[in-house]
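Novice: Please find one structure pasted underneath; my questions will follow.
Values in this text are rule-based calculations from the coordinates and carry no lab data. Here the structure is a predicted model, which is why all the values come from computation and not from measurement. In this analysis, Cβ positions are derived from the backbone assuming ideal geometry, glycine residues included, and neighbour counts consider all displayed protein chains.
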Amino acid sequence: MRVSRLIVVTLAGAAVLAPAAACSSDEPAPGTNPQAAPLSATPTPSEPPEHPFTGAATAARKPVLAVKIENTAAGKPQIGLKSADIVYVEQVEGGLTRLMAIYSSRLPAKVGPVRSARISDLHILPMFGKPALAYSGVQTKMIPYVQKASLFDVSDSAAGSAYAREPGRVAPYNLVASPRKLLAAAPQATKAKDIGFVFGEAPEGGVPRKTFSVRYPAARFTFGWSETQKRWLIWQDGKRDMAAEGGQLGAPTIVVQYAKTTRSQFHDVNDSYTPLIKTTGTGRAVVLRDGKAYKAKWSRPSEKEGTTFTTESGDPMPFAKGQVWVVLAAPKPVQP
């Protein structure tokens, strides 16, 4: 009898609840909005788009700043280089090298040592639109070319308040600049845009490599894969390439772009000719990422277009996300 009473009570309770439930579906509960959209209709936030220079997520694209940076022992360790999106290595007089660092996604407090520009810079920069270029001097004959180039001049003579001398360093290797002040002097500098780079998972193939070296007439670079840091660490002339902020310089992707290098019409005070690097056309490349070396091809139809990299089979060659070093190397080094 106890069991049967429990059943009756339960059924009775269900009979009482059923009408209430039916009533709640017809009339909204007090304080609710019958016009409100169901929760399932709430849009899901989308992933931020990738930055065209690094592949990293970015909320907005910012103006582009290029800075010419010393790359000999006298100017090391360099300041602010770790914050660059892209670093170009270019051959200059005497078989040495100089860097052109591209900044957009993040800006360091200061960068340097800032040094003079070269004719090859003017042929590389148009792919970025009209960026700001920070440098300290050019050869006299090159001034008209700079004035006509696709860039905003924020050199030490055009934007002097953005520059300062770094204590403890010897001139001319002590000139540093504030990237924020440099860009303030070029408010119309082009924002970051597609320059041909593709980022993503590594393709099939590739040859496992622990190190890869590139030689210039008077300089040597060695890139060594660090499995713990997941990037290629950089040695120059047998020494670790250190950053002023601490740690060894390196990047997840190193692109060795073999480009024809000839003598330009310019030369330095010692009559050593300035190399001219041909960065338009086509050529071969080696892309270092994830501890492997991939044979690739590069193509840049015109100076206003970006540089695309493809695998030997013709598919896009994806880079690892993060900073990219583009090492412009001559197939056969030009003698100084």
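Novice: Computed FRET efficiency, Cβ-Cβ of ALA202 and SER264, R0 51 Å: what is it to the nearest 0.05?
Specialist: 0.85
Novice: Could I ask something else about it? Which stretch or stretches of the stretch 240-279 have amide N atoms under 18 Å from the point lying 7 Å from ARG220's Cα along the Cα→Cβ direction?
Specialist: In the stretch 240-279, the label zone of ARG220 (backbone N under 18 Å from the point 7 Å along Cα→Cβ) covers 240-242.
Novice: Going 7 Å from the Cα of LYS292 along its beta-carbon direction, which residues of the stretch 217-234 have the amide nitrogen within less than 17 Å of the resulting point?
Specialist: 225-227, 230-232, by backbone N distance to the label point.
Novice: Next up: Tell me, what ³J(HN,Hα) does each residue in the stretch 178-188 have, in order and in whole Hz, if you take phi through Karplus 6.51 cos²θ - 1.76 cosθ + 1.60 with θ = phi - 60° and put x for Gly and Pro?
Specialist: 8, x, 5, 5, 4, 6, 5, 7, 9, x, 9
Novice: Further question on the same structure: Hey, quick one: spin label on LYS321, modelled 7 Å out along Cα-Cβ, who in the stretch 59-92 has an amide N within reach, i.e. under 13 Å?
Specialist: 59
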